[in-house]
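Any read-out appearing in this document is the output of simple, stated calculations on the displayed coordinates, not a laboratory observation. This structure is a prediction, so every number in the text was calculated from the model and none was measured. Please note: Cβ atoms are built from the backbone with ideal geometry, for glycine as well, and neighbour counts cover all protein chains shown.
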Amino acid sequence: MKDNKELKTGTTTVGVVCKDGIVLAADKRVTAGYVANKKFKKIAKITDKIALTMTGVVSEAQLLIKLIQAELKLKDVHTNRVSTVPEAANLLSGLIYSNVRKMSMVPGIAAFLMAGVDENGFHLYDLGADGSVQKIENYSTDGSGCLFALGVFETLWKKNMTVEEGVKLAAKAVNAAIQRDLYTGNGIDVISITNKGVKTVMEKELTAVLQID
């Protein structure tokens, strides 16, 4: 970029554990001291049955996503089997740990919510910017608007929610952050992960353009 500023997702990302799957959602705004992108996708498909949300420095997050996609393909070939979600989460955490501790003029800060399904069921993990891994049993949220999303979850989440209910709850949580957080905005992406795999269930852009004659 000409102004040499970092692109940051700022962001609000959420993950919801449901009885029949996992729901991930995120806003679309990217900042660099200003709104640099209004249509950025912060949810990435890693395999047919694993996806993740990203927060932090965009370049670092994109690099780590490419690395985990490649590493999982290599691992599957070498072991002659499909990697489980816990294996994918631990592999990505190792990449994050190594990345954040390397010598660099630009701090390699990126964090993720990873969700997926394997033969052992559905899984949601919170992968911190320091390489930490935490298995989530109900819901999780990350980014600058996480406190606003958390308030929605604390009030409305219930055990044994369906994916359909989880989609509505995740959208409400991100929307709450959009209304209050300066770095969250411009739209919502929502995906579901069920036994059928990763599926996009919502893509909405929010526009606020004045019509001036």
Between Lys135 and Arg180, what is the FRET efficiency for a Förster distance of 35 Å, r being their Cβ-Cβ separation, to the nearest 0.05? 0.75
Given the -39500 (n - 2.57) contribution per DSSP H run of 4+ residues, what per-residue ellipticity at 222 nm results for the chain, rounded to the nearest 500 deg cm²/dmol? -10500 deg cm²/dmol
Of the candidates Thr155, Ala177, Val201, the farthest towards the positive dipole end of the range 140-213 (Lys/Arg Cβ +1, Asp/Glu Cβ -1, centred on the Cα centre) is Thr155
Please list, or write none, the lysines whose alpha carbon is within less than 17 Å of the alpha carbon of Lys66, excluding same-chain residues fewer than 8 places away. Lys41, Lys42, Lys45, Lys49, Lys75
Place a +1 charge on the Cβ of each Lys and Arg in the range 159-208 and a -1 charge on the Cβ of each Asp and Glu, then give the dipole magnitude about the Cα centre in debye, rounded to the nearest 20. 180 debye
Chain lengthening between Glu87 and Glu205 when straightened (0.36 nm per residue, less Cα-Cα): 39.1 nm
What longest region of the chain stays clear of trypsin sites (Lys or Arg not before Pro) that DSSP places outside H, G, I, E and B and that have at most 11 other Cβ atoms within 10 Å? 3-80
Let's see if you can work this out: charge +1 on each Lys and Arg Cβ, -1 on each Asp and Glu Cβ, no other charges. What is the dipole magnitude of the chain about its Cα centre, in debye to the nearest 20? 280 debye
Which is the longest part of the chain that has none of the GluC sites (Glu not before Pro) sitting in a DSSP loop with at most 12 other Cβ atoms within 10 Å? 1-118
Can you find, among Gly121, Ile136, Ile96, the residue sitting farthest towards the positive end of the charge dipole of the chain, where Lys and Arg contribute +1 and Asp and Glu -1 at Cβ? Ile96
Extension gain (nm, one decimal) between Lys39 and Asp76, 0.36 nm per residue minus Cα-Cα: 10.0 nm
At what distance in angstrom do the alpha carbon centres of the range 17-45 and the range 120-147 lie from each other? 14 Å
Between their Cα atoms, which of Lys38/Lys196; Lys28/Lys172; Lys158/Lys199; Lys39/Lys196 are more than 21 Å away from each other? Lys38/Lys196; Lys158/Lys199; Lys39/Lys196
Labelled set (i) 8, 30, 36, 19, 6, 1, 0; (ii) 9, 36, 36, 15, 3, 0, 0; (iii) 9, 39, 40, 11, 0; P(r) over Cα pairs in 10 Å bins from 0, in percent computed from this model equals the value at (ii)
